[in-house]
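Notes follow the structure.
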Amino acid sequence: MSVLVNKKSKVIVQGFTGTEGSFHATQMLEYGTNVVGGVTPGKGGTQHLDRPVFNTVADAVKHTQADVSIIFVPPAFAADAIMEAAEAGIQVIVCITEGIPVRDMITAYRFVKDRGCRLIGPNCPGVITPGEAKVGIMPGFVFKTGRIGIVSKSGTLTYEAADQVVKAGLGISTAIGIGGDPIIGTSTKEAVELLMNDKETDAIIMIGEIGGGMEAEAARWIKSTGNKKPVVGFIAGQTAPPGRRMGHAGAIIGGADDTAAAKKRIMAECGIHVVDSPAVIGETMSKVLSGVIA
Amino acid sequence: MNLHEYQAKELVKKYGVPIQEGIAADTVDAALEAAKKLQADTGTGCWVIKAQIHAGGRGKGGGVKVATSMDKVKEKSEAILGMNLITPQTGAQGKLVRKILVAQDVYDGDASLRKEFYVSILTDRSRKCDVIIYSTEGGMDIEEVAHSTPEKIHKEYIDPVAGLQPFQARKVAFNLGLSGDAFKHMVKFISSLYKSYQSIDASLIEVNPCLKTSSDKIIAVDAKINLDDNALYRHPEIAAMRDLHEEDPTEVEAGKHNLNFIKLDGNVGCMVNGAGLAMATMDMIKLAGGSPANFLDVGGTANATTVEAGFRIILSDPNVKAILINIFGGIVRCDRVAQGIVDAYKNIGEIKVPIIVRLQGTNADVAKKLIDESGLKVYSAILLKEAAELVNQVLKD
């Protein structure tokens, strides 16, 4: 089944005709993603990349029955784009945009939750179910099909993990880039839960970073539900100084509980195979699955 | 972005938050002028001279002094202006004081009638809403209060749709044990402070101490504001308050090249694409026996110009004994980055520290060939593990 996106997903691109939107829509089409159209206010009725352009998400949904949207709208307008997609009934909204004000995201988060749809991101690389659909900006060729799920706050670290998994002779069911902002639509725990319940996922890689309490929450949930599938975990930022924002808006140590060491300790206590080095994520997963590491 | 105390107070005052009045000064003469003006405006005969740096614990380092006469204002201002202030938050190197705040004394009257509180507003990441944190234990380190007497820390969550309601502001004032005029003033203080927090897109406003005076007024004696950088475009007047003196000059320089750079005190410089991979690379350097000299995310648009700028910034640090470049090419093509490295190397001239280049992902093979054939003395790796081993090796050599 995989999760969130598959070959049946009908995807629209918000910010379709812009530079980023055009580039990545092209990449997604080349990958084989079922991109059915896009939205750029004021350009409705035209064609772009051989796909129809609509003025509103509602129009796009009406004419294409789209159920997934990917957003490449500039930060000042991105929260609005998220809410427009939710109001139009889009089920899975993937927001790539980096730099959205926190206040806007507090509003958008509540709006999306009230309408029962799922938001991934913002400030994320998107979601990929290899061989079926890429709804994101990740390099598709790195992700080979398989049965390992990935949940990560970081883009390039997701590619790194996927590459190591593939080099270890394994593959990916679905990789979910949840994003590095302080307020994101889908938490680590929610993404892990999706993969735990997915019949096509045998094991999970959970990559977090300093700041916030999402990894601890996910770890406790994994333990409380009986560690149904093996999880390999890594937390970036063991050497990060407190109080500094490490690139991602959410990656900032605020107290004693959101350091890498604290998160790793909690994860290990909850039965997660925590690695210290980002270079051994793939081989650790391989060892766990073959029983070398119990 | 962070603000100075005097800037933070000016901002919240605009929204009706009563503050300890004061005037910023960067010379002793200006400080004397300020003291005279405060005396005329507020009637105060006692002043507090406060160093303006972006760090807490200023009092502990001798950066806050009381002056009871104009002569003392002169003496204390002379002492603080230009001093290198070391506080628990500045690190051992301290910070140069370029500005002071000359403030009115608000601790007059019967001491038994005064009370210091703690009030802050910030974003609660797990609940996805704003939260007001407050305590009767003001004027001290709140982390310490949270640790030793957590029951004295109260939280009031703000519904994103409804906003702060009057009953919530009353609850804060009741929980702080206030009644009469002080109660009314605290209710107004909380609602004004929240209004300012929302209006300026702050990510943190902290008032510590928040003082109940002997005449039952509620006053912000200190104020700390952190702003949401993503929202600064909406507030150009606040963005203009940025004090570059408070930032590391190499970080300011990096910012001009759109590089996300943070200076650290280690011996291995690094240049990486993506914030998560950059942090992971720093961690790996540590595991390989080194210590990261910086965080540097060149982002998704790395090219020859940004790579060269990154090189120059890293090399300006004399502690750097080796450089690790770690690029996972996705949208960024490795061969373009490799060309950037080759060009930068040629432009800069001789680079004396060993360079380890790890390029993986899109066009990694082309990139490796480019570097191998350029004649540059770099150590080349494809796997992250190999890069870690090379770091370990060059540090031993």
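Go through the stretch B:327-379 and give me each residue that's under 23 Å from A:Lys134 (Cβ atoms) and among the basic types (Lys, Arg).
Answer for the stretch B:327-379, where residues must be under 23 Å from A:Lys134 (Cβ atoms) and among the basic types (Lys, Arg): B:Arg333, B:Arg336.
Going through the stretch A:275-290 one residue at a time, which ones are part of a loop (DSSP other than H, G, I, E, B) and more than 9 Å from chain B (Cβ to nearest Cβ)?
Scanning the stretch A:275-290 gives A:Val275, A:Ser290.
Looking at B:Val73, B:Val119, B:Val106, which one is buried (at least 19 other Cβ atoms within 10 Å of the Cβ) and within 21 Å of the chain's Cα centre (by Cα)?
Going through B:Val73, B:Val119, B:Val106 in turn, just one is buried (at least 19 other Cβ atoms within 10 Å of the Cβ) and within 21 Å of the chain's Cα centre (by Cα): B:Val119.
Identify, from the list B:Gly274, B:Gly266, B:Gly255, B:Gly329, the residue that is within 14 Å of chain A (Cβ to nearest Cβ), more than 17 Å from B:Val357 (Cα to Cα) and in contact with a Gly (Cβ under 7 Å, 6 or more places away or on another chain).
B:Gly266
How do the pairs read when you match residues in the stretch B:371-388 that are within 14 Å of another protein chain (Cβ to nearest Cβ) with residues anywhere that are polar (S, T, N, Q) and assigned to a strand (DSSP E or B), using Cβ under 7 Å and keeping only pairs 6 or more apart or on different chains?
What qualifies is B:Ile382/B:Gln360; B:Ala387/B:Asn326.
Looking at the stretch A:136-155, which of its residues are part of a strand (DSSP E or B) and either away from chain B (no Cβ under 14 Å) or farther than 19 Å from A:Met28 by Cβ (or both)?
A:Thr145, A:Gly146, A:Arg147, A:Ile148, A:Gly149, A:Val151, A:Ser152 - these are the residues of the stretch A:136-155 that are part of a strand (DSSP E or B) and either away from chain B (no Cβ under 14 Å) or farther than 19 Å from A:Met28 by Cβ (or both).
Across the stretch A:161-171, which residue is surrounded by the fewest Cβ atoms within 10 Å (Cβ to Cβ) among those that are more than 10 Å from chain B (Cβ to nearest Cβ) and either more than 19 Å from B:Ala364 (Cβ to Cβ) or of a type in the set (D, E, K, R) (or both)?
Taking the candidates together, the pick is A:Gly169.
Just name the residue that is surrounded by the most Cβ atoms within 10 Å (Cβ to Cβ) out of those in the stretch A:124-160 that are charged (D, E, K, R) and under 17 Å from B:Ala280 (Cβ atoms).
Checking each candidate, the answer is A:Lys153.
So in the stretch A:62-76, with the set limited to residues that are surrounded by 17 or more Cβ atoms within 10 Å (Cβ to Cβ) and out of contact with any helix residue (DSSP H, G or I) (no Cβ under 9 Å at 6 or more places or on another chain), which one is nearest to the other protein chains (Cβ to nearest Cβ)?
Here the residue is A:Val68.
For residues that are touching a residue at least 60 places away in the same chain (Cβ under 8 Å) and of a type in the set (Gly, Ala, Ser), tally how many sit in the stretch B:27-44.
3
Within the stretch B:58-70, take every residue that is basic (Lys, Arg) and surrounded by 15 or more Cβ atoms within 10 Å (Cβ to Cβ) and give me the one that is nearest to B:Val97 (Cα to Cα).
Top of the filtered list is B:Arg58.
So which of A:Thr188, A:Thr174, A:Thr201, A:Thr158 ends up being among the polar types (S, T, N, Q) and facing chain B (nearest Cβ under 10 Å)?
Testing whether each residue is among the polar types (S, T, N, Q) and facing chain B (nearest Cβ under 10 Å) leaves just A:Thr158.
Just to confirm my filter: which helices (runs of 4 or more DSSP H) fall fully inside the stretch B:124-216 and include at least 2 residues that are touching a helix residue (DSSP H, G or I) at 6+ places or on another chain (Cβ under 7 Å) and modelled with pLDDT of 95 or more?
B:166-175, B:180-199
Return yes when B:Ala79 is surrounded by 19 or more Cβ atoms within 10 Å (Cβ to Cβ) and over 17 Å from the mean Cα position of the chain (by Cα) and no when it is not.
It is false that B:Ala79 is surrounded by 19 or more Cβ atoms within 10 Å (Cβ to Cβ) and over 17 Å from the mean Cα position of the chain (by Cα).
Among the listed residues B:Gly289, B:Gly299, identify the single one that is under 32 Å from the mean Cα position of the chain (by Cα) and more than 27 Å from A:Gly180 (Cβ to Cβ).
B:Gly289
Report yes if some residue within the stretch A:229-248 is over 25 Å from B:Asn294 (Cα atoms) and facing chain B (nearest Cβ under 10 Å); otherwise report no.
For the stretch A:229-248, residues over 25 Å from B:Asn294 (Cα atoms) and facing chain B (nearest Cβ under 10 Å): absent.
Give the residues of the stretch B:277-287 that are more than 16 Å from A:Ser152 (Cα to Cα) and within 7 Å of chain A (Cβ to nearest Cβ), sorted by residue number.
Those that are more than 16 Å from A:Ser152 (Cα to Cα) and within 7 Å of chain A (Cβ to nearest Cβ): B:Met282, B:Asp283, B:Met284, B:Lys286, B:Leu287.
Quick grid of which residues meet (1) under 14 Å from the mean Cα position of the chain (by Cα); (2) of a type in the set (Lys, Arg):
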{"residue": "A:Ile148", "(1), (2)": "no, no"}
{"residue": "A:Val151", "(1), (2)": "yes, no"}
{"residue": "A:Ser173", "(1), (2)": "yes, no"}
{"residue": "A:Lys189", "(1), (2)": "yes, yes"}
{"residue": "A:Val192", "(1), (2)": "yes, no"}
{"residue": "A:Met196", "(1), (2)": "no, no"}
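With the checklist (1) modelled with pLDDT of 95 or more; (2) under 29 Å from B:Leu324 (Cα atoms); (3) charged (D, E, K, R) in hand, flag the one item B:Lys263 doesn't pass.
Unmet for B:Lys263, out of (1) modelled with pLDDT of 95 or more; (2) under 29 Å from B:Leu324 (Cα atoms); (3) charged (D, E, K, R): (1).
Residues of the stretch B:125-151 being hydroxyl-bearing (Ser, Thr, Tyr) and away from chain A (no Cβ under 14 Å), which ones?
B:Tyr134, B:Ser135, B:Thr136, B:Thr149 - these are the residues of the stretch B:125-151 that are hydroxyl-bearing (Ser, Thr, Tyr) and away from chain A (no Cβ under 14 Å).
Specify which of the listed residues (B:Ala55, B:Ala24, B:Ala111) is surrounded by fewer than 17 Cβ atoms within 10 Å (Cβ to Cβ) and either touching a residue at least 40 places away in the same chain (Cβ under 8 Å) or of a type outside the set (Asp, Glu) (or both).
It is B:Ala111.
Out of B:Gly340, B:Gly375, report the one residue that is crowded, with 20+ Cβ neighbours inside 10 Å and out of contact with any Leu (no Cβ under 8 Å at 6 or more places or on another chain).
After ruling out the rest, the residue left standing is B:Gly340.
For the stretch A:254-274, give me each residue that is crowded, with 18+ Cβ neighbours inside 10 Å, in a loop (DSSP other than H, G, I, E, B) and within 14 Å of chain B (Cβ to nearest Cβ).
If the condition is that a residue be crowded, with 18+ Cβ neighbours inside 10 Å, in a loop (DSSP other than H, G, I, E, B) and within 14 Å of chain B (Cβ to nearest Cβ), then A:Asp258, A:Thr259 are the ones that fit.
Here are some residues: A:Ala81, A:Ala85, A:Ala58. Which one is outside any loop (DSSP other than H, G, I, E, B), more than 21 Å from A:Pro125 (Cα to Cα), more than 14 Å from chain B (Cβ to nearest Cβ) and small (Gly, Ala, Ser)?
A:Ala58
Could you list all residues from the stretch A:163-193 that are in a helix (DSSP H, G or I) and touching a residue at least 24 places away in the same chain (Cβ under 8 Å)?
Correct list: A:Asp163, A:Gln164, A:Val165, A:Val166, A:Lys167, A:Thr188, A:Lys189, A:Ala191, A:Val192, A:Glu193.
Out of B:Val12, B:Val28, B:Val17, I need the residue that is over 23 Å from B:Leu227 (Cβ atoms) and among the β-branched types (Val, Ile, Thr). Which one?
That would be B:Val28, the only listed residue that is over 23 Å from B:Leu227 (Cβ atoms) and among the β-branched types (Val, Ile, Thr).
Looking at (1) at pLDDT 95 or above; (2) within 18 Å of B:Met279 (Cβ to Cβ); (3) within 12 Å of chain B (Cβ to nearest Cβ), which is the one condition that is false for A:Glu217?
Of the numbered conditions (1) at pLDDT 95 or above; (2) within 18 Å of B:Met279 (Cβ to Cβ); (3) within 12 Å of chain B (Cβ to nearest Cβ), the odd one out for A:Glu217 is (2).
Could you pull out the residue among A:Met206, A:Met214 that is closer than 24 Å to B:Gly361 by Cα and not charged (D, E, K, R)?
Matching residue, one of A:Met206, A:Met214: A:Met206.
Between A:Gly208, A:Gly212, A:Gly226, which is of a type outside the set (Ser, Thr, Tyr), within 12 Å of another protein chain (Cβ to nearest Cβ) and part of a loop (DSSP other than H, G, I, E, B)?
A:Gly212
The values are calculated or read from the model by the stated rules, or taken from the named source; none is laboratory data. Note that this is a predicted model, so its numbers are computed, not measured. Using ideal geometry, Cβ is built from the backbone for each residue, glycine included, and neighbour counts are taken over all protein chains shown.
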